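Take a look at the structure set out below.
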């Protein structure tokens, strides 16, 4: 269990994190999200005792990180995968970490095999690719077989096979009852990996909720309907009280609000109108994230508006 209570961090006149409180429960993967400059890295550094909070406190399994007699056995962390001695081999890097915590050499071999670095274990880590460096960083976090994992951008630089591997690994570790906190900018991957989300912006909490509830809150609702009889279908649906229809005659696409997809299908059948698509509209995690953090973006760019069809295709 990770608990942050009133965490605040100031750097001179700038407040990076302000009165931030949340809990990360064991047994599920929790995603830690926020725009650039939101305070995620600062928060994770405070969780691990690398930065002292200006106010508030954080505990991991009931203690501050520095109070754990063997932190590596309690908390596995990866904030910067390339924070390694570039002249050491992957094996010797892990062996040096193991020696400081009384971890047996056999565990070093286990994590090397677990992350898929056996063939390069004796090579200098300074020559590793970005993806290999990520795997070594993950191996370091797993070395002490910890009950808690805190990982910053663990899929950065991994190929598709590696991304699938880390996704399944994190889920399996959580299923064992471990606490798993993962920061990432890849919304599509978080949607497949995390069950719960902590979202911050400008150093403050925006959401602490399940992935399903987060996307539901941002969903615009409605049903996207495609039919070669779109004009007639729009007329039929427009006769229903409280129903609005946005029509694009050129593409034969309708966006219908105020009635569910089942009722639309029934009406189409009654009037012998052929449907080629009937899709309830629900925001993706990326869309929900953009909507919920739009007022907390530090560096904003102008994006051209998209048509109804372009939005659906995206």
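The values are calculated or read from the model by the stated rules, or taken from the named source; none is laboratory data. The model shown is predicted, which means the values in this text are computed figures rather than measured ones. When we count neighbours, we look across all protein chains shown, and the Cβ atoms used for this are built from the backbone with ideal geometry, even at glycine.
Selection of region 120-138 for residues being touching a strand residue (DSSP E or B) at 6+ places or on another chain (Cβ under 7 Å) and under 9 Å from residue 90 (Cβ atoms) yields 121, 122, 123, 124, 125.
Scanning region 148-176 for residues that are at pLDDT below 95, farther than 25 Å from residue 45 by Cβ and not in a helix (DSSP H, G or I) returns a single hit, 159.
Listed here are the residues, each with its yes/no results for (1) in contact with a helix residue (DSSP H, G or I) (Cβ under 8 Å, 6 or more places away or on another chain); (2) without any contact (Cβ under 8 Å) to a residue 24 or more places away in the chain.
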site	(1), (2)
62	no, no
78	yes, no
94	yes, no
109	no, yes
130	no, no
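Within region 241-285, being under 11 Å from residue 225 (Cα atoms) and touching a residue at least 60 places away in the same chain (Cβ under 8 Å) holds for 246, 248, 281. Quick test for you: out of 104, 160, pick the one residue that is free of Cβ contacts under 8 Å to residues at least 24 places away in the same chain, more than 29 Å from residue 55 (Cβ to Cβ), surrounded by fewer than 19 Cβ atoms within 10 Å (Cβ to Cβ) and touching a helix residue (DSSP H, G or I) at 6+ places or on another chain (Cβ under 8 Å). Only one candidate passes the filter, namely 104.
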